[in-house]
Amino acid sequence: MSKLNVVFIGAHPDDETVMFGGTLAALSAHGVYTTVVCATDGRGGEHGDVAEAATPEALARVREVELRCAIRALGVRELLLLGYQDPPVGPNNELYAFAEDEDALVAQIVQVLRQTDADVVLTHGSDGEYGHPAHLQAYRAVARAAQRHLPQLLFYTVAAYVPQFPDHLWNAHDLAHLALDITPWFEQKHAAMLCHRTQHQLFRRHRNLENVRQAVRSVESVRRQHPPVPSGETPNDRFAETLLSIGAWRPQPHEEA
Ligand SMILES: [Zn+2]
């Protein structure tokens with residue numbers, strides 16, 4: 001059988017690590033061909049205490065270096081940048097989507113998925129995790145690309161809800177089909193988190209933590225969105241089989257509202 005080809009599409013530099021870094025490291029270590037696609041340059045975020053990233057232009061440059069560092073730490077094979085400028089955070093900490101022309105974004109994603117010959121695409125959950133408009137836009141665009149243009153493709157989302165492990169990151173409407181304890185790849189994920197130096201203050205602040213290590217989540221999860229999986233059933237495609245073979249489990253199927 002040909003090598004499985006897995007593409008993760010994230011809105012910002014660091015999403016690949018925070019939400020899916022352990023699984024990316026695990027898949028890469030098991031011979032899966034992994035690609036990370038990052039939609040924006042992250043210039044709208046904060047620069048932490050990194051002095052050389054104090055302007056939006058400088059921050060975009062620094063975050064690309066950080067992202068490349070994380071990709072190496074995780075053993076991911078390829079990085080592709082869509083090149084969108086990340087809009088700055090607005091008044092009252094308002095966050096924004098990045099693509100004004102969402103049809104163009106969908107077309108771009110279709111092109112990337114064809115070009116990489118993807119078997120599986122993963123992106124943000126249907127709730128944009130904590131509702132981030134850029135994460136929601138990535139979800140919408142990848143869903144459209146997969147469902148309307150690439151019917152053979154398996155479309156999964158990350159940060160799916162695992163009832164046994166409460167976490168504010170989980171997408172409440174995406175019940176997890178598979179969860180993975182990433183402990184064997186924890187050091188790689190931690191190293192990738194350390195690469196994202198401009199985001200360290202943010203990583204700690206979100207959950208009031210003392211250091212970046214404490215911010216590394218040890219459980220990651222996915223839900224298959226397309227083709228749809230009947231309620232109460234679990235997917236048994238090539239990607240699901242691969243995850244199960246590296247230690248993933250199926251969280252108890254239970255009452256789906
Ligand atoms: Zn993000």
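Apply the a/c threshold of 1.5 to the C-alpha gyration tensor of the stretch 1-158 and tell me whether it is rounded, prolate or oblate.
On the way: a/c = 1.98, a/b = 1.31, b/c = 1.51.
Oblate, because a/c is 1.5 or more while a/b does not exceed b/c.
Using a 7 Å offset from the Cα along the Cα-to-Cβ direction at both residue 238 and residue 117, what is the distance between the two label points in nm, to one decimal?
Going from the residue 238 label point to the residue 117 one covers 1.0 nm.
Could you work out [θ]222 nm for the chain from helices alone, using -39500 (n - 2.57) per DSSP H run of at least four and dividing by all its residues? Round to the nearest 500 deg cm²/dmol. Don't skip to the end; give the middle numbers.
Details: 8 runs with 89 residues, N = 257.
That comes out to -10500 deg cm²/dmol.
Once the dipole of the chain is set up with Lys and Arg at +1 and Asp and Glu at -1 on Cβ about the Cα centre, which of 153, 2, 126 lies farthest towards its positive end?
Result: 2.
Share of the chain's accessible area from carbon and sulfur, percent, 1.4 Å? Spell out each step's value before the answer.
Details: 5680 of 11440 Å².
Here it works out to 50 percent.
Please report Rg over Rh for the stretch 100-171, where both radii come from the alpha carbon positions and Rh follows the Kirkwood definition. Don't jump to the answer; show the numbers that get you there.
Values: Rg = 13.0 Å, Rh = 12.7 Å.
In the stretch 100-171, Rg relative to Rh is 1.02.
Kindly provide the Kirkwood hydrodynamic radius of the stretch 1-91 in Å, to one decimal, from all pairs of distinct alpha carbon atoms.
Details: mean 1/r = 0.0733 Å⁻¹.
Answer for the stretch 1-91: a Kirkwood hydrodynamic radius of 13.6 Å.
Check which residues have an amide H placed less than 5 Å from residue 226's amide H, if you skip close sequence neighbours.
155
Which ³J(HN,Hα) values in Hz, rounded to whole numbers, follow from the phi angles of the stretch 222-228 under the Karplus curve 6.51 cos²θ - 1.76 cosθ + 1.60, where θ = phi - 60° and Gly and Pro get x?
For the stretch 222-228, the Karplus-derived couplings read 9, 9, 7, 9, 8, x, x Hz, x marking Gly and Pro.
What is the packing order of peptides 19-31, 174-186, taking the mean over residues of other C-beta atoms within 10 Å and listing the highest first? All intermediate terms of the calculation are to be shown ahead of the outcome.
On the way: 19-31: 23.6, 174-186: 21.0.
Ranking the peptides 19-31, 174-186 by packing returns 19-31, 174-186.
What is the packing order of peptides 4-12, 195-203, taking the mean over residues of other C-beta atoms within 10 Å and listing the highest first? Mind showing how you got there, number by number?
Values: 4-12: 24.1, 195-203: 20.1.
Packing order, densest peptide first, comes out as 4-12, 195-203.
Enumerate the calculated ³J(HN,Hα) couplings along the stretch 161-176 in order (Karplus 6.51 cos²θ - 1.76 cosθ + 1.60, θ = phi - 60°), each rounded to whole Hz, writing x wherever the residue is Gly or Pro.
5, 10, x, 6, 10, x, 7, 5, 6, 4, 8, 4, 8, 10, 5, 5
Who wins for biggest fluctuation among 15, 167, 41 in a Gaussian network model of the chain, springs between alpha carbons below 10 Å?
Looking only at 15, 167, 41, the largest GNM fluctuation is found for 167.
Taking only C-alpha pairs under 8 Å that are 6+ residues apart, what is the relative contact order of the chain in percent? Intermediate results must be reported in sequence, preceding the final value.
Numbers: 502 pairs, mean separation 57.6, N = 257.
For the chain, the relative contact order is 22 percent.
With +1 on the Cβ of every Lys and Arg and -1 on the Cβ of every Asp and Glu, and nothing else charged, how large is the dipole of the stretch 5-245 about its Cα centre, in debye rounded to the nearest 20? Don't jump to the answer; show the numbers that get you there.
Details: 20 positive and 30 negative charges, 70 e Å.
My answer is approximately 340 debye.
Looking only at GluC sites (Glu not before Pro) in DSSP loops with at most 16 other Cβ atoms within 10 Å, what is the longest site-free stretch of the chain? Display every interim value, and only then the final one.
Details: sites that count: 46, 94, 100, 210, 233, 255, 256.
Answer - 101-209.
Can you tell me how much longer the chain between residue 49 and residue 218 gets when fully stretched, taken as 0.36 nm per residue apart minus their C-alpha distance, in nm with one decimal?
Gain in length upon complete extension: 58.2 nm.
What accessible area per residue comes out for the chain, rounded to a whole number of Å², with a 1.4 Å probe? Please list the in-between numbers first.
Numbers: 11440 Å² over 257 residues.
Roughly 44 Å² per residue, with all protein chains present.
Hey, got the dipole for the stretch 70-144? About the Cα centre, +1 on K and R Cβ, -1 on D and E Cβ, debye to the nearest 20?
260 debye
Quick query: amide H of residue 96 versus all other amide H atoms, modeled in the peptide plane; which residues come in under 5 Å with a sequence gap of 5 or more or a different chain?
Here the answer is 134, since their amide H atoms fall under 5 Å of that of residue 96.
Where both partners of a DSSP beta bridge lie in the stretch 74-232, what percent of those bridges are antiparallel, to the nearest 5?
Numbers: 8 of 14 bridges.
In the stretch 74-232, DSSP labels about 55 percent of beta bridges as antiparallel.
Compute the length gained on full extension between residue 181 and residue 78: take 0.36 nm times their separation in residues and subtract their Cα-Cα distance, giving the result in nm to one decimal.
Working: separation 103, 0.36 × 103 = 37.08 nm, distance 2.40 nm.
Additional length available on full extension: 34.7 nm.
With θ set to phi - 60°, apply the Karplus curve 6.51 cos²θ - 1.76 cosθ + 1.60 along the stretch 7-14 and write out the HN-Hα couplings as whole Hz, x wherever there is a Gly or Pro.
Once rounded to whole Hz, the list reads 10, 9, 10, x, 6, 10, x, 3.
Please flag any cysteine in the chain that has no other cysteine's Cβ under 4.7 angstrom from its own Cβ.
Lone cysteines by the Cβ rule: 38.
Between residue 161 and residues 5 or more places away or on another chain, which pairs have amide H atoms under 5 Å apart, with H built 1.01 Å from N, and which residues are they?
Close amide H contacts, sequence-distant or interchain: 171, 174, 175, 176.
The values are calculated or read from the model by the stated rules, or taken from the named source; none is laboratory data. On a predicted model such as this, the values are computed, not experimentally measured, just so you know. Heads up, the Cβs are rebuilt from the backbone with ideal geometry, glycines too, and the neighbour counts pull from every protein chain shown. Heads up: the accessible areas ignore ligands, DNA and RNA and are worked out on the full protein's heavy atoms, side chains in. Shrake-Rupley method; radii C 1.70, N 1.55, O 1.52, S 1.80 Å.
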